[in-house]
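Quick notes on the structure that follows.
Nothing in this text is a laboratory measurement; each read-out follows from the coordinates by a stated rule. Keep in mind that this is a model prediction, so the values were computed, not measured. As a convention, Cβ positions derive from the backbone with ideal geometry for all residues, glycine included, and neighbour counts pool all protein chains shown.
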């Protein structure tokens with residue numbers, strides 16, 4: 001029987017499983033879900049596995065990296081992604097360099113978890129999309145799950161893999177339901193979540209769920225849209241992405257990041273370079289800081305209606 | 001300390017000094033930036049004397065002296081600094097990131113104060129995993145200007161981590177003495193450790209014996225489970241340091257100067273290697289014996305350089321290897 005869970009339930013279940021599997025795994029802070037999503041009991045159940053640092057993102061991030069080099073694996077729940085900017089230097093300029101600079105003799109298997117994107121009401125300083133910066137750092141693995149199965153795989157991959165990893169999460173994924181396999185999936189492989197012959201929508205994280213809703217809207221108009229979920233943004237699985245897109249001549253790439261340097265723009269470039277005849281389009285958040293008012297957020301962040309409209313414009317239907 | 005121990009300490013310091021002098025003399029062969037440890041040899045020797053095999057050491061961009069003192073293969077260091085193949089880093093690291101995992105230096109961050117915060121995590125791992133050994137975080141006074149430094153002091157103290165903060169302070173002293181140095185509002189650097197409840201000692205880093213005693217005391221306290229300690233090693237800034245490439249403005253070290261008080265100016269009076277040689281002469285060791293030791297160290301350093309300079313570059317494929325886990 002297939003297990004169906006909500007996204008936040010799958011996230012907690014995966015985290016509990018990894019904490020049970022690795023008795024030395026330590027959390028530096030406990031805000032994986034809180035304050036935005038239901039906690040599911042992490043704080044009580046694993047109180048002795050959580051070391052609460054002061055509000056010191058630089059030293060906390062760096063300590064996690066140093067600990068990883070010395071054999072202690074940690075997960076650092078950073079909560080709102082912009083708090084990561086205080087710890088940016090160690091995350092982008094220490095962790096990803098450890099293996100390279102040591103000639104492969106040392107690694108820094110450490111995991112960071114952030115809540116990125118528009119959560120509504122956070123405004124300009126609390127609704128960033130740092131994945132567009134993070135995926136440009138060689139040596140830093142960036143995972144952006146969209147489904148319960150994805151987050152299950154992402155937590156497993158981040159807490160058992162050998163590369164420093166950032167899980168770019170999104171508060172608004174919490175209630176989406178989905179099936180889980182008996183063991184974590186391979187996070188590296190893109191997943192076709194819906195098939196359709198007219199157009200392929202490629203995305204990650206919350207925009208995958210928005211694309212699925214858009215595909216439903218399009219179906220009402222007789223347009224068959226497929227949706228491809230690419231949960232590992234870096235290193236981007238090039239060959240698998242090309243294989244998963246090769247059946248479609250019309251592809252829309254959707255990203256909650258601003259367009260410049262976004263993961264979706266990179267995917268688009270890879271696909272178009274390999275298949276110059278493909279008709280490709282990019283739909284991203286517009287180039288403004290996140291506004292506060294919900295109506296203004298909707299004016300710049302793609303939702304199902306904008307994605308559906310972009311597909312119709314692309315197909316001329 | 002006994003005569004033979006002091007001689008081995010002088011040997012470690014000479015290894016560090018001759019390594020840097022030889023490098024400066026051949027700077028034209030280096031395609032990038034490097035920083036030397038001239039004037040820091042007393043700290044390097046104290047570190048080498050206090051460390052155990054189970055310890056971890058976080059160095060910084062000025063790392064040559066400490067590596068030479070703890071016994072890292074100097075030819076491997078030269079190969080890396082010259083961008084040649086041979087060591088594990090194979091030209092990907094250069095002088096800034098020299099490391100020696102086998103001697104407790106797994107990785108070297110060249111970002112000011114960046115390595116200090118990493119060392120906090122290494123000490124956390126030692127503590128949580130119940131592993132043997134302590135961690136040394138070596139940094140310059142410049143790191144005391146970074147916020148990362150204060151976050152690190154706070155975490156180390158809050159969590160009572162087995163960590164020795166070693167500040168190699170080579171800043172120009174503030175003229176009127178009301179501040180620690182011209183870039184620091186605090187009166188003393190040790191005061192900045194004090195406010196975090198970290199016992200701190202200031203020592204003349206140009207006096208290798210005093211430096212070693214201070215280091216040994218701090219290390220004993222940390223090994224005993226007393227939480228972190230902070231050492232400020234006050235160093236005379238060596239005048240050859242420069243923003244890009246150092247210049248040997250003081251000339252090569254001549255150990256005979258140890259017998260000629262005041263012969264070679266202000267730097268000679270502050271030079272920790274000469275200070276160590278003078279102490280040995282006072283203990284009755286003959287200058288001729290020191291010169292024999294120096295010649296032997298020098299010959300091995302020069303052999304290491306010549307061999308490294310003849311080594312090939314790594315193949316292009318190395319540039320793309322080690323980015324991701326295999």
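Observations
- Degrees separating the helix A:263-274 axis from the principal Cα axis of chain A, which is the longest one: 60
- Per residue, chain A reaches -10000 deg cm²/dmol at 222 nm when only DSSP H runs of four or more residues are counted, each adding -39500 (n - 2.57).
- For the peptide A:104-112, the mean number of other protein chain Cβ atoms found within 10 angstrom of a residue's Cβ is 4.
- Added length on full extension, which subtracts the Cα-Cα distance from 0.36 nm per residue, residue B:53 to residue B:217: 57.2 nm
- Sequence of B:57, A:201 once ranked by neighbouring C-beta atoms within 10 Å, starting from the fewest: B:57, A:201
- Mean separation of Cα contacts under 8 Å, 6 or more apart, over the residue count of chain A: relative contact order %: 17
- Peptide-level mean, for B:108-120, of C-beta atoms on other protein chains within 10 Å: 6
- Crossing angle, helix A:206-220 versus chain A [Cα axis fit, 0-90 degrees, rounded to tens]: 20
- Cβ-derived FRET efficiency at R0 22 Å, residue B:325 paired with residue A:177, nearest 0.05: 0.10
- Using a simple spin-label model with pseudo-atoms 7 Å out from Cα toward Cβ, residue A:313 and residue B:313 lie 4.8 nm apart.
- Distance from the stretch B:42-67 to the stretch A:26-67 (C-alpha centre basis), Å: 32
- For residue A:295 and residue A:260, the FRET efficiency from 1/(1 + (r/R0)^6), where r spans their Cβ atoms and R0 equals 30 Å, is about 0.75.
- GNM result for chain B, Cα springs below 10 Å: residue of B:99, B:156, B:279 fluctuating most strongly: B:279
- Cα shape, the protein assembly as shown, gyration tensor, a/c 1.5 rule: prolate
- Chain B: most fluctuating residue of B:42, B:140, B:71 per GNM, C-alpha cutoff 10 Å: B:71
- Neighbouring Cβ atoms from other chains, within 10 Å of the Cβ of residues in A:132-140, number 1 on average.
- Order of B:176, A:152, B:73, A:169 under a 10 Å beta carbon neighbour criterion, fewest first: B:176, B:73, A:152, A:169
- Span from the the stretch A:118-148 Cα centroid across to the the stretch A:185-261 one, whole angstrom: 18
- FRET efficiency estimate (nearest 0.05) - Cβ-Cβ, residue A:47 to residue A:3, R0 30 angstrom: 0.65
- When only Cα pairs below 8 angstrom with a gap of at least 6 residues are kept, chain B shows a relative contact order of 22 percent.
- Ascending count of other beta-carbon atoms within 10 Å, so fewest first, for A:317, A:13, B:213, A:99: A:317, B:213, A:13, A:99
- The stretch B:261-305 shape via C-alpha gyration tensor axes, a/c threshold 1.5: oblate
- Relative contact order for the stretch A:191-315, counting Cα pairs under 8 Å that sit 6 or more residues apart, in percent: 29
- Put the Cα centre of the stretch B:99-139 next to the Cα centre of the stretch B:232-307 and the gap is 30 Å.
- Modelled spin labels at residue A:270 and residue A:192, positioned 7 Å past Cα toward Cβ, are 1.8 nm from each other.
- Antiparallel DSSP beta bridges within the protein assembly as shown, as percent of all bridges there, nearest 5: 15
- Degrees between helix A:57-69 axis and first principal axis of chain A (Cα, 0 to 90, nearest 10): 80
- Prolate/oblate/rounded label for the stretch A:191-315 (Cα gyration tensor, a/c 1.5): oblate
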